[in-house]
Amino acid sequence: MASYDVIVIGSGPGGYVCAIRCAQLGLKTACVEGRDTLGGTCLNIGCIPSKALLHASHQLHEAEHNFAKMGLKGKSPSVDWTQMLAYKDDVIGQNTKGIEFLFKKNKIDWLKGWGSIPEAGRVKVGDNVHEAKHIIIATGSEPSALPGIEIDEKVVVTSEGALSLPKIPKKMVVIGAGVIGLELGSVYARLGAEIHVIEFLDHITPGMDAEVSKQFQKLLTKQGLNFTLGAAVQKVQATKTKAKVTYKLRKDDSEATVDADVVLVATGRKPYTDGLGLAELGVEMTERGQIRTDSHWSTNVKGIHAIGDCISGPMLAHKAEDEGMAVAEVVAGKHGHVNYGVIPGVIYTHPEVASVGETEETLKDKGHAYKVGKFSFMGNGRAKANFAADGFVKILADKATDRILGAHIIGPMAGDLIHEICVAMEFGASAQDLALTCHAHPTYSEAVREAALACGDGPIHS
Ligand code: NAI
């Protein structure tokens with residue numbers, strides 16, 4: 001029986017980051033992974049492959065819409081779908097092999113197979129039982145399908161099937177206007193598919209600042225995505241090549257049907273803890289099927305911890321990574337901390353959408369007096385030059401103290417721009433601190449500074 005200080009179950013961004021940090025802190029570490037490659041959902045069938053397809057399809061969009069304007073003449077490129085998928089698979093391979101390299105470098109054992117916990121202090125992988133002082137569960141999440149809707153990953157697909165469709169569909173129905181639906185809907189819209197998004201709520205992207213959400217929907221509609229909001233999908237009838245989606249409008253209960261070549265079910269994800277043996281161990285779960293943890297990511301069973309999508313909080317790779325590093329510090333006898341108030345969220349469409357902290361809606365609910373500093377990318381020289389002037393930066397600051405409470409960006413590189421605001425928030429900065437920081441010209445980041453200026457005496461370029 002091999003004996004470890006720590007065995008991490010799952011090698012997604014939560015698990016592999018945790019394993020690396022444990023090893024760096026001098027703990028003898030193993031990581032259990034049943035897939036053929038490391039990296040979990042994010043690297044294999046999530047964040048990374050979808051970003052490859054978003055990148056490739058965005059280049060096509062640029063060629064079709066903006067090249068001629070810049071004097072770059074010629075036929076637009078045609079799409080070789082097989083090659084595009086091969087490029088995506090190559091990107092996955094490079095990333096997953098990268099984790100394998102990091103495991104070797106840090107002397108982390110990869111225990112190949114699906115793990116279970118027969119008792120506290122023991123992890124079973126295949127026929128082998130290993131001993132561990134600390135077990136860290138990082139088994140992630142899986143798509144939560146709608147009741148009665150059968151997924152075949154060919155015609156009725158989750159995000160996994162949508163990343164490897166045999167051909168580009170002519171018509172795609174997307175159920176759910178959340179992150180997955182809009183990112184993958186954008187990919188296929190750019191590749192020529194007709195996209196119909198059906199969303200239960202009366203707005204897209206639940207939880208997003210309402211003003212940003214409205215602007216986002218407008219821009220996506222301009223890009224050819226069609227939306228039916230306030231509609232509950234009732235059933236999906238599929239054959240081998242086609243599907244029929246029936247939905248009911250919530251306002252008047254009227255029913256309608258749409259046809260599709262592919263239906264993407266993107267109605268959320270749920271924790272994945274199957275086969276671990278948690279019920280037998282008496283590990284407490286929440287009513288939403290998450291593993292219940294305390295502020296140190298410990299379950300109620302001594303020596304068993306959990307992080308990432310299988311516990312509460314936003315299902316985001318970077319939230320799992322932060323928890324992975326923090327729990328490693330905890331089991332190594334140090335202090336581990338995650339500031340859940342400063343976790344950015346990004347949607348990698350074009351333009352990108354990024355947010356952190358409070359929205360106007362959450363502040364109103366709390367009765368917190370705030371001010372808004374807003375700046376449009378129309379006033380940003382770099383954005384104008386790059387056909388990227390749609391969108392704005394919005395900073396929310398405390399009315400009395402000017403402390404930054406949240407920020408919302410829709411525009412070019414929003415997912416990168418948000419981080420200077422995250423750092424500012426970590427330091428408890430005021431909008432004025434940001435406004436007084438010199439920002440290089442010409443950069444998109446000047447729009448962030450202008451929004452900070454807008455919290456005070458006003459921006460320069462609007
Ligand atoms: P989501 O929770 O973001 O959105 C699901 C949407 O489906 C919601 O708008 C919901 O109202 C709608 N919906 C639910 N039932 C419905 C029904 N019967 N008919 C019509 N609409 C219905 O979930 P999504 O997009 O599946 O993503 C899952 C998780 O993965 C999220 O937590 C997301 O944050 C994460 N993710 C994050 C990414 C990123 O950070 N860029 C990329 C992809 C996923």
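Coordinate-derived values only; no laboratory data. Since the model is a prediction, treat every value here as computed from it, not as a measurement. For neighbour counting, all protein chains shown are included, and Cβ atoms are generated from backbone atoms with ideal geometry for every residue, glycine included.
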Going residue by residue through segment 325-340, the Karplus relation 6.51 cos²θ - 1.76 cosθ + 1.60 with θ = phi - 60° gives ³J(HN,Hα) values, rounded to whole Hz and with x marking Gly or Pro, of 5, 5, 5, 4, 4, 4, 5, 7, x, 10, 9, x, 9, 10, 8, 5
Once amide H atoms are built 1.01 Å from N in the peptide plane, which residues 5 or more positions from MET413, or in another chain, come under 5 Å H to H?
GLU352
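May I ask you to list the GluC sites (Glu not before Pro) in segment 136-211 that are in a DSSP loop and have at most 15 other Cβ atoms within 10 Å of their Cβ?
Numbers: sites: GLU150, GLU153, GLU160, GLU183, GLU194, GLU199, GLU211; in loops: GLU150, GLU153, GLU199.
For GluC sites (Glu not before Pro) across segment 136-211 that sit outside H, G, I, E and B with at most 15 neighbouring Cβ atoms in 10 Å, the list reads GLU150, GLU153.
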Phi-based couplings in Hz for segment 232-237 (Karplus 6.51, -1.76, 1.60; Gly and Pro marked x)
9, 6, 9, 7, 10, 9
With each run of n ≥ 4 DSSP H residues scored as -39500 (n - 2.57), what mean residue ellipticity at 222 nm is computed for the chain after dividing by its residue count and rounding to the nearest 500 deg cm²/dmol?
-9500 deg cm²/dmol
Over the Cα atoms of segment 345-454, each weighted equally, I'd like the Debye log10 I(q)/I(0) at q = 0.20, 0.22 Å⁻¹, rounded to two decimals.
-0.98, -1.16
For the chain, the Cα gyration tensor yields equivalent-ellipsoid semi-axes (√(5λ), largest first, whole Å) of 36, 30, 22
For LYS270, what residues show an amide H to amide H distance below 5 Å, using hydrogens built from the backbone and excluding near sequence neighbours?
GLU142, SER144
Rounded if a/c is under 1.5, else prolate if a/b beats b/c, else oblate: with a ≥ b ≥ c from the C-alpha gyration tensor eigenvalues square-rooted, which is segment 180-251?
oblate
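Percent antiparallel among DSSP beta bridges with both residues in segment 156-267, to the nearest 5? Write out the running numbers ahead of the final one.
Numbers: 13 of 28 bridges.
Rounded to the nearest five, the antiparallel share is 45 percent.
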Hand me the chymotrypsin sites (Phe, Trp or Tyr not before Pro) from segment 245-349 located in a DSSP loop with no more than 14 other Cβ atoms within 10 Å, in residue order please.
TYR340
Which ³J(HN,Hα) values in Hz, rounded to whole numbers, follow from the phi angles of segment 249-256 under the Karplus curve 6.51 cos²θ - 1.76 cosθ + 1.60, where θ = phi - 60° and Gly and Pro get x?
6, 5, 5, 9, 6, 6, 9, 9
Rounded to the nearest Å, what's the spacing between the alpha carbon centres of segment 163-202 and segment 415-462? Just the number, please.
34 Å
Lysines with Cα under 19 Å of LYS171, excluding same-chain neighbours fewer than 8 positions away
LYS154, LYS222, LYS235, LYS240, LYS242, LYS244
